[in-house]
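Report on the structure given below.
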Amino acid sequence: MNFINYSSPAFAKKVATHTFCGANAWSNLMSWLEVDKPFQDFMQLWQEKIAPYYHQEEVNPTSLPNIENIFVEHFEQLYPAQFFLRLYQLANSDLRLWLASSINTKQQEVLYYWVKDSKADKDKGYIADNWITVIDKEKFNYKGTPIYASLTAEVFNTIGKLTNNNEKRVR
């Protein structure tokens with residue numbers, strides 16, 4: 001059986017491109033695979049039961065095997081849960097439904113909020129990185145000091161209110 005190298009720089013770049021998890025954060029997560037026994041057990045199960053179907057060119061939802069509740073105990077561990085979240089985010093809708101069947105209803109709710117929070121975090125990061133690009137830095141400064149710098153706090157405050165942190169949930 002060929003195992004997927006989730007620790008490769010190419011896969012880290014893929015995760016960083018399609019999720020809020022940066023390539024360095026992904027590489028750091030994968031480094032725990034060397035020392036964390038629950039993560040190792042999860043990854044062995046993932047590679048055997050999920051990876052062959054997850055990485056198919058075309059997914060036929062009717063040919064996916066039953067994986068109901070196989071990750072329930074693994075989802076309660078930090079590193080497997082974070083891995084699961086990121087691969088869930090990379091999956092198409094058919095694979096997402098299939099992957100969701102591998103955890104229980106309470107865990108599915110947690111996953112839903114994690115995905116929602118990750119999306120909001122990605123959007124906030126984009127806004128934070130790009131909101132100032134439309135401002136002419138030469139025109140809006142006083143003796144070399146940007147006059148719009150004080151707006152930064154207001155931008156982040158507004159972004160935080162828009163994402164309603166009261167909905168964030170932990171397990």
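Things worth noting here:
- Span from the the stretch 57-73 Cα centroid across to the the stretch 113-128 one, whole angstrom: 27
- Residues of the stretch 66-92 with an amide N closer than 19 Å to a point placed 7 Å from the Cα of V35 along the Cα-to-Cβ direction: 77-83.
- Within the listed set S93, S63, S101, the residue fluctuating most in the Gaussian network model of the chain (springs between alpha-carbon atoms under 10 angstrom) is S63.
- Summary of packing: across the peptides 6-15, 134-143, the per-residue average of other C-beta atoms within 10 Å ranks them, highest first, as 6-15, 134-143.
- Long-range lysine pairs (8 or more apart or interchain), the stretch 1-107, Cα under 25 Å: 5
- Values of log10 I(q)/I(0), in the order q = 0.09, 0.12, 0.18 Å⁻¹, for the chain under a Debye, Cα-only, solvent-free model: -0.41, -0.65, -1.19
- Listed residues F140, A10, S27: farthest to the positive end of the dipole of the chain (Cβ charges): F140
- Fully extending the segment from N92 to K106 would add 2.9 nm, taking 0.36 nm per residue of separation and subtracting the current Cα-Cα distance.
- For the stretch 1-85, the Cβ-based charge dipole about the Cα centre amounts to some 300 debye (Lys, Arg positive; Asp, Glu negative; other atoms uncharged).
- Residues whose placed amide H lies under 5 Å from that of N141, excluding near-sequence neighbours: I147
- Euclidean distance between Cα centres, the stretch 76-103 to the stretch 1-38, Å: 14
- Separation of the Q47 and T17 label points, Cα + 7 Å toward Cβ, nm: 2.5
Here, each number is a calculation from the coordinates, and none is a lab measurement. Note that the coordinates shown come from a computational prediction; the quantities given were computed from them, not determined experimentally. Cβ atoms come from the backbone with ideal geometry, glycine included; neighbour counts cover every protein chain shown.
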